[in-house]
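Working notes for the structure below.
The values are calculated or read from the model by the stated rules, or taken from the named source; none is laboratory data. Only a predicted model underlies this, so the values are computations on that prediction, with no experimental measurement involved. For neighbour counting, all protein chains shown are included, and Cβ atoms are generated from backbone atoms with ideal geometry for every residue, glycine included. What goes into the accessible areas is simple: the full protein's heavy atoms, side chains included, and nothing from ligands, DNA or RNA. Shrake-Rupley method; radii C 1.70, N 1.55, O 1.52, S 1.80 Å.
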Amino acid sequence: MAVQVDRGEAVATYLEGRAQVLPQGKQTWREVRVNSRFQAGDEIAVGTKSRLEITLPDSSRLRFAEDTRFKIVQTGPKTAPDVKVHLAIGRTWANVSKAAGLKRKFEIACDNAVTGVRGTVYRMNVNEDASALVRVYDGEIAVTGATKAMETPKTVGPPTKIAGPKKIAGPRKVTMEEWTVIIRSMQQISIRKDGSADQPREFTEQEDRDAWVDWNKARDGAL
């Protein structure tokens, strides 16, 4: 997951287990500690049986589960409050501050979709095959993705005879069809690896509950 940073820093405010960071422009990974600071372009890997929380300049919190990789793109200092994060694989939980105002953007992206919010609590899971799941707990988010569509170009010249009873499909051009869906409190959307998505639906606390969710809700309650 990539987080976008612009003239600001994010700070590690909780670490359980191990995490490493590859600073932008460097070739050597270094260990993350509590109070470690991250800047734009930093890549971070959270280890097995580990958890990491980072706090942004506007007090928004981002948490990352074990075996998660992300990159910081923009952290959102007060002078330029937009936040952008890219999640390569794993799970993240976002508790977004409402303090920055209506012009502020907060985006978490994966390879197939971008989520944009203003003051909300939600999470994103990205799987190894690039499929993803987004669930919203409070507020609402706009999820934008791009579905791969196949277009068959027009045939040029006379048709060619082909041996056998089956026709061979001609060359096809890959295009992208963009879509945007609004997801509200206690709703989810599942995104397939090709960028297409299921219809949003409601989810229950019972089906959602696990150790990762319980831990995040406890951390949010302590804020």
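Below, the figures for the structure above:
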quantity: Enumeration of residues in the stretch 186-198 that are in a loop (DSSP other than H, G, I, E, B) and at pLDDT below 95; calculated: Arg192, Lys193, Asp194, Gly195, Ser196, Asp198
quantity: Test set (1) open to solvent by 80 Å² or more (accessible area, probe 1.4 Å); (2) under 27 Å from Lys193 (Cβ atoms); (3) part of a loop (DSSP other than H, G, I, E, B) - Glu66 fails condition number; calculated: (1)
quantity: Residue in the stretch 159-180 that is within 25 Å of Ser60 (Cα to Cα), out of contact with any Asp or Glu (no Cβ under 8 Å at 6 or more places or on another chain) and modelled with pLDDT of 75 or more present; calculated: yes
quantity: Residue that is modelled with the lowest pLDDT [pool: residues in the stretch 120-155 that are closer than 17 Å to Ser190 by Cβ and charged (D, E, K, R)]; calculated: Lys148
quantity: Total residues in the stretch 8-44, condition among the polar types (S, T, N, Q) and either open to solvent by 80 Å² or more (accessible area, probe 1.4 Å) or over 15 Å from Ile54 (Cβ atoms) (or both); calculated: 5
quantity: Filter result (in a strand (DSSP E or B) and out of contact with any Phe, Trp or Tyr (no Cβ under 7 Å at 6 or more places or on another chain)) within the stretch 88-114; calculated: Ile89, Trp93, Asn95, Phe106, Glu107, Ile108, Ala109, Ala113, Val114
